[in-house]
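Below is one structure; the comments refer to it alone.
None of the figures in this text is laboratory data; all of them are computed from the coordinates on show. Here the structure is a predicted model, which means the values were calculated and not measured. Counting neighbours? That spans all protein chains shown, and the Cβs are built from the backbone with ideal geometry, glycine included.
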């Protein structure tokens, strides 16, 4: 489900060509997930890496994640407690 979430988030990415010919990318639903690179292809790779790191930090800290295309990675408090008790 995590791979599907990443793929769906990447499908919502927005890219801009900058004045110097390089590219920027962002995922509007994921604040702070941005990338800059010389080519569009490299920008997409950097953006995916940025998204993955962002997800790791958000999940580790228990922060709420945006629901993307009906994919909800958020864990309910009762589910989290149950996993802690049984894990």
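Modelled spin-label separation between residue 40 and residue 63, with each label point placed 7 Å from Cα along the Cα-to-Cβ direction: 3.0 nm.
So how tilted is helix 40-61 from the main axis of the chain? Cα-based, degrees 0 to 90, rounded to 10. Here the helix axis deviates by roughly 20 degrees. Our helix-only sum for the chain, with -39,500 (n - 2.57) per DSSP H run of n ≥ 4 divided by its residues, gives a mean residue ellipticity at 222 nm of -15500 deg cm²/dmol. If a paramagnetic tag sat 7 Å from the Cα of residue 73 along the Cα-Cβ line, which residues of the range 13-37 would have the backbone N under 15 Å from that point? Backbone N within reach: 13, 27-34. Relative to the longest principal axis of the Cα atoms of the chain, the long axis of helix 77-86 makes an angle of roughly 70 degrees.
Relative to the longest principal axis of the Cα atoms of the chain, helix 2-11 runs at roughly 30 degrees.
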